[in-house]
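Read the figures in this text as sums done on the coordinates, not as results from a lab. Everything numeric here is computed off the predicted structure, so don't read it as measured data. Heads up, the Cβs are rebuilt from the backbone with ideal geometry, glycines too, and the neighbour counts pull from every protein chain shown.
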Amino acid sequence: MAIEDKFQLATYKKMPIVAERGDGVWIYTSDGDKYLDLYGGHAVAGTGHCHPHVVNALRTQAGELLFYSNLVYSSARARAAEKLVSIAPHSLTKSFFCNSGTEANENAMRMARMATGREQIITFSGGFHGRTADAISATFLGKYRELGKPNVPGHLEAEFGNIDSVRALANENVAAIMLEPIQSMAGIRLARPEFYRALRTLCDERGIVLIYDEVQTGVGRTGSWFFAGSDGVVADIVTLAKALGSGVPVGACLVTDAISSHIKENDLGTTFGGGMLAMAAVTATLEAIENDQMLDNVNKVEAHLRERISEVEPVVAVHGRGLLLGIEFNDKAQPFHQALLDQKIITGTSSNPKVLRLLPPLCLQKEHVDLFVDALCTC
Ligand SMILES: Cc1ncc(COP(=O)(O)O)c(C=O)c1O
């Protein structure tokens with residue numbers, strides 16, 4: 001810890017844990033302790049830590065070819081792209097690979113501008129889209145946007161869940177409306193189904209591209225592969241990262257034919273996007289979720305958690321869907337976060353001081369929920 005503090009910029013408030021090994025929902029520390037991980041390393045460990053199918057695929061790929069860029073074809077890349085498109089809503093027919101969530105969003109906004117010839121982007125108060133220039137300018141949450149000054153021009157802020165506020169901004173220079181369908185950092189905020197449907201209609205009427213930032217909601221976290229497709233709404237572009245590579249950095253955009261028809265050679269690119277190791281991670285991640293029937297598991301475990309949590313007196317509501325959940329307390333959540341950590345359970349806070357966030361591996365079992373609820377009862 002001392003060495004890391006000495007040689008790394010102090011940009012994160014860290015838990016006093018040295019993580020050495022992971023297995024499923026467990027993190028093992030250098031002190032020989034084990035922690036129940038209900039945070040999944042920022043929602044990344046979707047398949048759980050070190051899922052054997054993912055680890056084996058990475059070992060094999062590492063021995064064959066670590067990397068070559070998009071200037072050559074690759075069977076690892078072909079498999080990943082085919083698999084990803086095959087599980088997506090059928091109107092999303094093409095993929096673009098990059099390395100992170102912020103990059104996926106940058107490319108999504110760029111594609112929307114290219115496809116429409118317009119410049120402005122509408123996003124929502126409480127949404128978080130990343131820390132690179134365009135993505136942070138689209139982030140109307142707390143102080144993040146300030147950190148990105150000077151901001152990229154042309155970003156407009158609407159109120160999440162309020163379609164009239166979006167309509168008022170949707171002028172003829174708006175290229176895209178982008179949203180986290182469930183706002184995570186804001187404290188797990190889900191809008192009513194009519195809101196998503198009204199956004200789709202508005203976009204269709206005014207020629208605006210609808211972008212779902214599914215960096216957190218994608219890859220099975222809500223109990224289906226993507227949020228896109230629920231409430232009868234499919235976005236024109238879906239962005240992914242976090243759980244997509246089980247911990248190997250990878251991001252992606254999934255797009256419709258209408259969008260892809262505007263994108264030409266050299267319009268987008270990144271050296272590492274589509275590299276073989278990351279692609280092997282994507283395929284193996286999606287296979288692991290499928291083989292272990294994790295989507296069904298997410299729905300079962302969510303139901304169990306909602307039932308058991310009703311026993312916990314200071315809990316006033318459970319927000320979200322699947323295993324992207326916000327536990328709202330009648331007072332500050334931070335003391336619960338700390339007390340759970342003392343009992344070796346990792347959870348996340350949010351920008352809502354009353355909401356604790358759970359973003360656990362999708363292989364979480366009912367017995368782990370029981371450990372969590374029992375611990376919460378003693379806090
Ligand atoms: C919804 C959402 N979008 C984008 C990002 C940015 O992703 P990354 O940190 O991989 O750049 C995050 C990261 O927390 C996120 O939660």
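On full extension of the chain, what length is gained from Lys149 through Cys50, given 0.36 nm per residue of separation minus the C-alpha to C-alpha distance? If you can, show how the numbers build up before the last one.
Numbers: separation 99, 0.36 × 99 = 35.64 nm, distance 3.84 nm.
Stretched out fully, the Lys149 to Cys50 stretch lengthens by 31.8 nm.
Label points 7 Å out from Cα along the Cβ direction at Met1 and Glu311: separation in nm?
3.2
With the crude spin-label approximation of a point 7 Å out along Cα→Cβ, what separation in nm comes out for Glu119 versus His90?
Label at Glu119, label at His90, 4.0 nm between them.
P(r) of segment 32-83 in 10 Å steps, Cα pairs, percent per bin?
That works out to 18, 38, 30, 12, 2, in percent per bin.
Among the GluC sites (Glu not before Pro) within segment 298-379, which fall in a DSSP loop and have no more than 16 other Cβ atoms within 10 Å of their own Cβ? Numbers along the way, then the final one.
Numbers: sites: Glu302, Glu307, Glu311, Glu328, Glu367; in loops: Glu311.
Filter output for segment 298-379: Glu311.
Can you pull out the chymotrypsin sites (Phe, Trp or Tyr not before Pro) in segment 71-130 whose DSSP state is coil and whose Cβ has at most 14 other Cβ atoms within 10 Å?
Working: sites: Tyr73, Phe96, Phe97, Phe124, Phe128; in loops: Tyr73, Phe128.
Loop-located and lightly packed - Tyr73.
Karplus couplings for segment 281-296 from phi (6.51 cos²θ - 1.76 cosθ + 1.60, θ = phi - 60°), rounded to Hz, Gly and Pro as x?
Couplings: 5, 4, 4, 5, 4, 5, 5, 5, 4, 5, 4, 8, 6, 5, 5, 4 Hz.
Under 22 Å Cα-Cα from Lys6, which lysines qualify once same-chain neighbours fewer than 8 residues away are excluded?
Output for Lys6: Lys14.
How many percent of Cα pairs in segment 192-256 exceed 17 Å? Before the final figure, lay out the partial values.
Numbers: 872 of 2080 pairs.
It works out to 42 percent of all Cα pairs.
Hey, if you put +1 on the Cβ of every Lys and Arg and -1 on every Asp and Glu Cβ in the chain, which of Phe329, Ala88, Val209 ends up farthest toward the positive end of that dipole?
Most positive-ward Cα: Val209.
Quote the Stokes-Einstein diffusion coefficient, in whole µm² s⁻¹, for the chain, based on the Kirkwood radius over alpha carbon pairs, a temperature of 37 °C and a viscosity of 0.692 mPa s. Walk me through the numbers on the way to the answer.
Values: Rh = 21.3 Å.
It comes out at roughly 154 µm²/s.
Give the lysines whose C-alpha is closer than 30 Å to that of Lys94, dropping any in the same chain fewer than 8 places away, or say none.
Filter leaves Lys83, Lys242, Lys264.
Straight distance only, please: which lysines reach the Cα of Lys332 with their own Cα at less than 19 Å, same-chain residues fewer than 8 apart left out?
The qualifying lysines are Lys13, Lys354.
Report the full-extension gain for the segment Cys377 to Glu82: residue separation times 0.36 nm, less the Cα-Cα distance, to one decimal in nm.
Working: separation 295, 0.36 × 295 = 106.20 nm, distance 4.59 nm.
That pair, Cys377 and Glu82, stretches by 101.6 nm at full extension.
Would you work out the charge dipole size for the chain about its Cα centre, treating the Cβ of every Lys and Arg as +1 and the Cβ of every Asp and Glu as -1, and quote it to the nearest 20 debye?
Values: 35 positive and 43 negative charges, 99 e Å.
Value, rounded to 20: 480 debye.
Mean 1/r over all different Cα pairs, inverted: what Kirkwood radius does segment 1-142 give, in Å?
Working: mean 1/r = 0.0523 Å⁻¹.
Mean inverse Cα-Cα distance, inverted, gives 19.1 Å.
Please report, in whole Å³, the volume per residue of the convex hull around the C-alpha atoms of segment 101-205.
Details: hull volume 9.5 nm³, N = 105.
Taking the convex hull of the Cα positions in segment 101-205, it is 90 Å³ per residue.
Please list log₁₀ I(q)/I(0) at q = 0.11, 0.22 Å⁻¹ for segment 148-227, using the Debye equation with identical point scatterers on the alpha-carbon positions.
Relative scattering, expressed as log10 I(q)/I(0), comes to -0.31, -1.14.
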